[in-house]
1. To make sure I understand the rule: partners must be aspartates and glutamates, Cα under 17 Å from the Cα of residue 85, and not fewer than 8 residues away in the same chain. Which ones qualify?
2. Distance from a point 7 Å along Cα→Cβ of residue 34 to each backbone N in the range 50-66: keep the residues under 17 Å and list them by number.
3. Could you sort 52, 38, 86 by their accessible area in this structure, using a 1.4 Å probe and putting the largest first?
Amino acid sequence: MTTCGIVTKSLLLLAVVVALIGQGSAAVPKFSECCTRVSRQQITETIVDYTVQKRNNHCVNAIIFQTESGSLYCCKHDESWVKGKVRQLMAKKRAALASAPSSL
């Protein structure tokens, strides 16, 4: 009878571990966040990249700038400084592509 008790306890422990593991993976959110408001204020950190966000549901039109530190800033897409920074980053990307060695 003691063997049956050990097996039952082992199965119960296994069930608890599986439940906790499943709960942990469900707690990690997938990236689904977006800008719901934007700032007009210029960013003082070094900007290294950007993403264009189009209006959709509760998300607003925005340019999302990423800084060297990894911070993300939601900025008003039609601000003159934002347009200028986007042009600058696009030119930098084009120059990097043009200077990259061809694999052909």
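The values are calculated or read from the model by the stated rules, or taken from the named source; none is laboratory data. If you're wondering where the values come from, they're calculated on a predicted model, not measured in any experiment. Virtual Cβ from ideal backbone geometry, glycine too; neighbours counted across all protein chains shown. Accessible surface areas use protein heavy atoms only, side chains included; no ligands, DNA or RNA. Shrake-Rupley method; radii C 1.70, N 1.55, O 1.52, S 1.80 Å.
1. 45, 49, 68
2. 51-65
3. Greatest to least solvent exposure: 52, 38, 86.
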